[in-house]
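Notes to accompany the following structure.
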Amino acid sequence: MSWLEGLLLGIVQGLTEFLPVSSSGHLEIGQALLGNIGGDNLTFAIIVHAATVLSTLVILWSEVAQLFKGSFTTLAWNAEKTYVAKIFVSMIPVFVIGLFFKDQVEAFFGNGLFLIGCCLLVTAGLLAFAYFAKPRQKEQISYRDAFIIGLAQAVAVLPGLSRSGSTIATGIILGNKKEQVAKFSFLMVLIPILGEALLELIDMLGSQTEIGISVSALVAGFLGAFVAGCVACKFMINLVKNGKLIYFAIYCAIVGTGTIIFSLI
């Protein structure tokens, strides 16, 4: 992999990680178009995922710092500890999936573009439904809603089914405010992504597999994913706040339909 290819894949990862269009689906589509360039490189996947986590921490640093300070500087139960507890509740479904169904989930990846196209159409439908739904607005995300949003995140492990799109749309349909559910969606994924990256790193070190990628490609991929992730994270929060999810629904419908047609040719 050249540094330019690494940069391109990093930008794709960074942009699509936070936009409700499925980063995994777009990466598989990109890999198919580019001949699977970098598609199976575990080291590269760890680097770009770590970069998107870092971009989230940068954009939402004030929220993360406030949660950390409120959770660990006092023994009293407060709003920050309640919020963190809801984040942990939301992680239960994806933890169960990762612990007991990891092999089954991985079997879906590399399974062809037809599945990705179908999942993109599901994403489009979910985003459109959330856009037109007019539920009564709640002041705070409840524990129940946090768990249901977590279920949406667990289902969204399928390539083409957007994680951010599924969680944000589910939260909106449940009646939560758009900006609140967008931030919750981005914060709830930090620990799962870091945990997944750590497990993959442990597996890589244990297997003693030679790294078949240049340092320049890793650096370019990291920088591309980080910068694109910062832009996408900030951009996405504003878009959700202003109610523009319908545009992403249209985009996913077009790309999903095109992907299905391409897979059948």
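Details
- Taking segment 173-194 as the range and being without any contact (Cβ under 8 Å) to a residue 60 or more places away in the chain, assigned to a helix (DSSP H, G or I) and surrounded by fewer than 24 Cβ atoms within 10 Å (Cβ to Cβ) as the test, the residues that pass are 173, 180.
- The set of residues in segment 147-172 that are of a type outside the set (Val, Ile, Thr), more than 17 Å from residue 23 (Cα to Cα) and buried (at least 24 other Cβ atoms within 10 Å of the Cβ) comprises 150, 171.
- Of the residues making up segment 67-95, those that are in contact with a Leu (Cβ under 7 Å, 6 or more places away or on another chain) and either free of Cβ contacts under 8 Å to residues at least 40 places away in the same chain or within 21 Å of residue 139 (Cα to Cα) (or both) are 80, 83, 84, 87.
- Search result, residues across segment 140-171 that are under 19 Å from residue 79 (Cα atoms) and either touching a residue at least 60 places away in the same chain (Cβ under 8 Å) or in a helix (DSSP H, G or I) (or both): 143, 144, 145, 146, 147
- All positions within segment 126-139 that are outside any helix (DSSP H, G or I), farther than 15 Å from residue 182 by Cα and in contact (Cβ under 8 Å) with a residue 24 or more places away in the chain: 133, 135, 136
- Residue 42 of a type outside the set (Phe, Trp, Tyr), modelled with pLDDT of 80 or more and either buried (at least 16 other Cβ atoms within 10 Å of the Cβ) or under 23 Å from residue 116 (Cα atoms) (or both): no
- Candidates in segment 48-83 are the residues that are within 30 Å of residue 215 (Cα to Cα) and either touching a strand residue (DSSP E or B) at 6+ places or on another chain (Cβ under 7 Å) or not hydrophobic (A, V, I, L, M, F, W, C) (or both); of these, the one that is modelled with the highest pLDDT is 55.
- Among (1) modelled with pLDDT of 80 or more; (2) among the hydrophobic types (A, V, I, L, M, F, W, C); (3) not in a helix (DSSP H, G or I) - the single one residue 213 does not satisfy: (1)
The values are calculated or read from the model by the stated rules, or taken from the named source; none is laboratory data. Every value quoted in this text rests on a predicted model; they were computed, and no experiment measured them. Using ideal geometry, Cβ is built from the backbone for each residue, glycine included, and neighbour counts are taken over all protein chains shown.
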